[in-house]
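Okay, structure first, notes after.
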Ligand SMILES: [Zn+2]
């Protein structure tokens, strides 16, 4: 299948409800972006876990996934499981991030996620980043909410392994979950790889995609009156 090339990414925004969402949902893609775009600037915002061991875990994991990137991570201390009750704080925090440099890509939880905290972040993101490419990542967990994910991103074997290593190494607080293991995370990437004829992939939903298929015509073909010469331009 013909891929849509995202092109260079200089500014990346990552949003998560909980420490570990970003790594589980998009860890390999984040690593690909950092590898392909030296000097990548990353602004990450996580809504819960601030000021404690979970924030430390998140900082270590994202540092491992983003070698060489300029990472700015903010972890708020909102209560886990109660984000919809804190809509105004979420809106303010995401809005402040959106007033910074325009991102080339925003990664957020998927809008159809079964967890209310993930959905709250997913629903606010497009109201703040109104003119950005937003992709929703899928978060493997106990709830059976995995579904169709139309945007597939193949990832190299070594970065799929890097993701799994980062998750299993840096989030010891989550190791008690019976699904939180190497096999589960690799398996989901393997399934998504099957769906795009690759070994491993991560899958996303798209909030909105705008296609670019060549330059718009800028020179009239049948001028009726003499005009000054014009220079073709890409401006739209
Ligand atoms: Zn989560």
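The values are calculated or read from the model by the stated rules, or taken from the named source; none is laboratory data. Note that the coordinates shown come from a computational prediction; the quantities given were computed from them, not determined experimentally. Here the Cβ is made from the backbone with ideal geometry for all residues, glycine too, and neighbour counts use every protein chain on show.
See the values below:
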item	result
Extreme residue, nearest to the ligand (Cβ to nearest atom), among residues of the range 149-163 that are in a helix (DSSP H, G or I) and touching a residue at least 40 places away in the same chain (Cβ under 8 Å)	163
Failed item, numbered, when residue 146 is tested on (1) at pLDDT below 95; (2) assigned to a strand (DSSP E or B)	(2)
Failed item, numbered, when residue 5 is tested on (1) surrounded by 14 or more Cβ atoms within 10 Å (Cβ to Cβ); (2) at pLDDT below 95	(1)
Any chance residue 59 is away from the ligand (no atom under 16 Å from the Cβ) and in a strand (DSSP E or B)	no
Matching residues, the range 95-137, being more than 14 Å from the chain's Cα centre (by Cα), closer than 13 Å to residue 46 by Cβ and away from the ligand (no atom under 12 Å from the Cβ)	97
Conditions (1) in contact with a strand residue (DSSP E or B) (Cβ under 9 Å, 6 or more places away or on another chain); (2) at pLDDT below 95: number failed by residue 104	(2)
The one condition in (1) modelled with pLDDT of 95 or more; (2) in contact with a strand residue (DSSP E or B) (Cβ under 7 Å, 6 or more places away or on another chain); (3) more than 16 Å from the ligand (Cβ to nearest atom) that residue 182 fails to fulfil	(2)
Hits in the range 29-56 (condition: surrounded by fewer than 13 Cβ atoms within 10 Å (Cβ to Cβ) and assigned to a loop (DSSP other than H, G, I, E, B))	38, 39, 51
Close pairs (7 angstrom Cβ cut-off, 6 or more residues apart or separate chains): under 16 Å from residue 115 (Cβ atoms) and at pLDDT 95 or above in the range 19-32, assigned to a helix (DSSP H, G or I) and within 9 Å of the ligand (Cβ to nearest atom) anywhere	21/118
